[in-house]
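The structure appears below as structure tokens.
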Amino acid sequence: MAKGAVHITVDRCKGCAICVEFCPTHVLALSTAFNGKGYHPPHVVNAEKCSGCDLCGMYCPDFAIYGFKLGKQGVAQ
Amino acid sequence: MAAVANPVEQFLRSERIPHIWCPGCGIGTTVNAFARAVIDSGLDPLKVVVVSGIGCSGRVAGYVSFDSFHTTHGRAIPFATGLKLANPELTVVVYSGDGDLSAIGGNHLIHSARRNLDIKVICVNNLVYAMTGGQSAPTTPETANTSTSPYGSFEPDLNLPKLLDAAGASYVARWTTYHVKQMERAMLELLRKKGFGFLEVVSQCPTLYQRRNGMGDGLESVKFYKEHSKVKNDACLDDLAMDKIGEIICGRFVDRDRPEYGQTMREFYQNKLGAKYRAPEFQDGVLV
Ligand code: SF4
Ligand code: SF4
Ligand code: SF4
């Protein structure tokens, strides 16, 4: 069970990929899909590896992603 | 799965997001660190005020949900001075860019540090005048190509930490947008420090600076900061000048205690004028 998860606000994203690069466990990749503004938002490719550390959230210049910890039952803490 | 809210959302004017900053611009990252630092500080958000000048970074005032002022060009510090002297209970944060703070408003910056007024200055340094089209600024490193230095800049650049140290600031630090955790901690220290505090955040302007200098997009810029920065808290401040591709020395360079301007002023007038002088008094945050 993953220790954390991310929430992505797709329509805020500008596809800079900074979150993808600086996620320590390579949870994210840019999607091939477009958002409403024509950018490629990230999606989760390695959900099990997410620690909920929120580094992606700290780096994101667009407030479009953040990570959070999950408890034993997979419930947000 | 919006199981918990984004911790910074409470401090954003959500209805104004997406913001106008370009893809990969570093300014938004600094706002993340700032919002988190305010949470860490435990300060009452109703007593935190953000004052910005003009420029891309000057837009911060319009995106944060604190009481905020978007002031005239270079004059964020004079507005902040009025605020802090009239209501010493406020934590007054000046959030602006290098051009606004150190060029157009350069004298205010120097003299506010000299007076050691208790304001917290966050200077997002993207090394150019961004909003107006990428012209050379006093902070542009030598040899950098800008829209007004198409053959490369030949002027020496302004070393902000050294300037602020010489002027008398109580706290001086520098980080980059790569150092998100250190930036958050420095902003917390800034919020807690009494006196004039100055944090320089070296931040990418991929649209105008990095692109013209062949340094890639926002992501490449943050990777560049990772590779080219060095943490050195006891650095000789002469070494902090930046060049285009050289080392960016980061750290906390100054942390000292000096008499604070507002307090000194109130005590001075109380001594000189006695009952004729009335310092601002507050009840429940309201001037009485
Ligand atoms: S919360 Fe941490 S581990 Fe999870 S995606 Fe974000 S950076 Fe990666
Ligand atoms: S850092 Fe933010 S804006 Fe950039 S790709 Fe990730 S979610 Fe999108
Ligand atoms: S012009 Fe530069 S500083 Fe201004 S928003 Fe775009 S990238 Fe950021």
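Laid out as a table, the results:
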| read-out | value |
| --- | --- |
| Chymotrypsin sites (Phe, Trp or Tyr not before Pro) within segment B:149-182: DSSP coil, no more than 15 neighbouring Cβ in 10 Å | B:151, B:154 |
| Test item: Cα-centred dipole of segment A:4-69, Lys/Arg +1 and Asp/Glu -1 on Cβ, debye | 80 |
| Of B:203, B:229, B:246, farthest towards positive along the dipole that unit charges on Lys, Arg, Asp, Glu beta carbons give segment B:13-287 | B:203 |
| Surface per residue (accessible, 1.4 Å probe) for chain B, Å² | 42 |
| Neighbouring partner chain Cβ atoms per residue of A:67-74, average, 10 Å criterion | 2 |
| Sequence of B:265, B:131 when ordered by accessible area, the most exposed leading, probe 1.4 angstrom | B:131, B:265 |
| Chain A: projected area of the alpha-carbon convex hull, averaged over directions, in nm² | 4.6 |
| Taking only Cα atoms of segment B:69-138, radius of gyration then Dmax in Å | 12.3, 39 |
| Given charges at beta-carbon only (K, R positive; D, E negative), |dipole| of segment B:13-83 in Debye | 160 |
| Counting all C-alpha pairs of segment B:210-288, share separated by more than 17 Å (%) | 69 |
| Spacing of the two label points (7 Å from each Cα toward its C-beta) at residue B:220 and residue B:5, in nm | 3.9 |
| Around residue B:19: net Lys/Arg minus Asp/Glu count, Cβ-Cβ under 14 Å | +2 |
| Highest-fluctuation residue, B:121, B:48, B:60 considered, GNM on chain B with Cα pairs under 10 Å | B:48 |
| Residue B:230-residue B:278 pseudo-label distance in nm [points 7 Å out on the Cα-to-Cβ vector] | 5.8 |
| Theoretical ellipticity at 222 nm over chain B - DSSP helices of four or more residues, -39500 (n - 2.57) apiece, nearest 500 | -9000 deg cm²/dmol |
| Nearest-20 debye value, the protein assembly as shown charge dipole, Cβ charges on Lys, Arg, Asp, Glu | 480 |
| Area projected by the alpha carbon convex hull of segment B:94-253, averaged over all directions, nm² | 8.2 |
| The protein assembly as shown: Rg to Rh, with Rh as the Kirkwood radius over Cα pairs | 0.99 |
| Antiparallel content of DSSP bridges confined to the protein assembly as shown, in %, to 5 | 40 |
| Kirkwood hydrodynamic radius of chain B, Cα pairs, Å | 19.3 |
| Segment A:32-77: trypsin sites (Lys or Arg not before Pro) in DSSP loop, at most 12 other beta carbons within 10 Å | A:72 |
| Gyration tensor (alpha-carbon) shape descriptor, segment B:1-135, a/c threshold 1.5 | oblate |
| Segment B:13-287 - share of DSSP beta bridges that are antiparallel (%, nearest 5) | 25 |
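The values are calculated or read from the model by the stated rules, or taken from the named source; none is laboratory data. These numbers were taken from a predicted model, which means no experiment stands behind them. Heads up, the Cβs are rebuilt from the backbone with ideal geometry, glycines too, and the neighbour counts pull from every protein chain shown. These accessible areas exclude ligands, DNA and RNA; they are computed on the full protein's heavy atoms, side chains included. Shrake-Rupley method; radii C 1.70, N 1.55, O 1.52, S 1.80 Å.
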